[in-house]
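Reading through the structure tokens given below for one structure.
The values are calculated or read from the model by the stated rules, or taken from the named source; none is laboratory data. Everything quoted here is computed from the prediction, not taken from an experiment. Glycine gets a Cβ as well: all are built from the backbone with ideal geometry, and neighbour counts include every protein chain shown. All accessible areas refer to the heavy atoms of the entire protein, side chains included, with ligands and DNA or RNA removed. Shrake-Rupley method; radii C 1.70, N 1.55, O 1.52, S 1.80 Å.
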Amino acid sequence: MLTTLSIITLLPNNTRWALAQMGTAQQPLRRVPGLRFQKLLGSGAGGFGALPNLRRYGFMAVWDSAEAAAQFFATHPLWQQYQQRTQEIWTAELAPLKSHGLWDGVNPFDYQAEDAGAEGPVAVLTRASIRWTKALRFWRYVAPTSATVAQAPGVRAAIGLGELPVVRQATFSLWESAQAMQHYAYRSDKHKEVIRLTRQENWYGEELFARFRVLASVGTLDGKNPLTGV
């Protein structure tokens with residue numbers, strides 16, 4: 001099995017088409033051979049804002065095999081349409097190291113990965129369904145804290161993603177090492193305060209945390225490959 005995350009940056013004048021795909025692409029994606037789980041995701045303005053960035057989207061997928069993923073990215077008509085309408089696409093191939101929680105009632109990353117060694121770059125996904133009554137408090141505290149991830153030592157890329165504006169949100173970050181990620185997670189006072197408030201105030205109706213080994217990094221994000229910096 002294989003997990004992938006693609007960040008798609010559209011060419012100008014394609015925002016209406018991309019917004020439509022959030023609904024219309026679901027049916028063809030359900031018929032893709034070997035695609036076990038998928039989410040088309042929007043992104044936040046400025047990386048982590050509550051308002052959307054209408055030119056940047058994410059596609060997270062879990063595949064039966066690397067071959068199924070390669071076949072989709074090379075030949076599927078939907079993905080070819082995305083390629084024709086985008087300025088750039090970056091795709092990370094991921095193997096889960098650790099995951100807990102649920103995404104729409106399942107943990108899609110709860111599988112044993114053959115290539116999930118402990119060394120090398122890692123990625124972290126945190127995802128939550130925010131209770132409507134807690135949304136204001138969430139955005140007051142979490143959005144400013146999430147934005148600090150992008151400037152943390154050892155981070156190569158970070159972005160806020162979401163299925164629905166305001167209440168179904170995720171953060172994805174790419175780190176040069178597990179040590180760099182842990183240094184931020186356990187020594188950042190702002191991060192620790194948000195974790196405390198999350199538990200104390202019961203912000204989430206559903207949440208998931210996953211850590212991945214980064215197997216490959218293909219394409220560009222903001223003009224460069226985040227893993228290599230080139």
TODO: Scan region 71-94 for residues that are open to solvent by 40 Å² or more (accessible area, probe 1.4 Å) and either under 25 Å from W175 (Cβ atoms) or touching a Ser or Thr at 6+ places or on another chain (Cβ under 9 Å) (or both) and report the count.
DONE: 3
Task: Cβ pairs under 6 Å, 6+ apart, first in region 1-12 and closer than 18 Å to A66 by Cα, second open to solvent by 10 Å² or more (accessible area, probe 1.4 Å) and not in a strand (DSSP E or B) - done: M1/Y111; L2/A66
Task: Criterion: of a type outside the set (S, T, Y) and modelled with pLDDT of 95 or more - qualifying residue of Q83, Q112 - done: Q83
- [ ] Name the one entry in V149, V194 that is at pLDDT 75 or above, open to solvent by less than 70 Å² (accessible area, probe 1.4 Å) and in contact with a helix residue (DSSP H, G or I) (Cβ under 8 Å, 6 or more places away or on another chain).
- [x] V149
TODO: Could you look through region 10-44, keep only residues that are of a type in the set (G, A, S) and surrounded by 14 or more Cβ atoms within 10 Å (Cβ to Cβ), and pick out the one that is farthest from the chain's Cα centre (by Cα)?
DONE: G34
- [ ] Would you mind stating whether P52 is open to solvent by 40 Å² or more (accessible area, probe 1.4 Å), touching a Pro at 6+ places or on another chain (Cβ under 9 Å), over 24 Å from R211 (Cα atoms) and in contact (Cβ under 8 Å) with a residue 12 or more places away in the chain?
- [x] yes
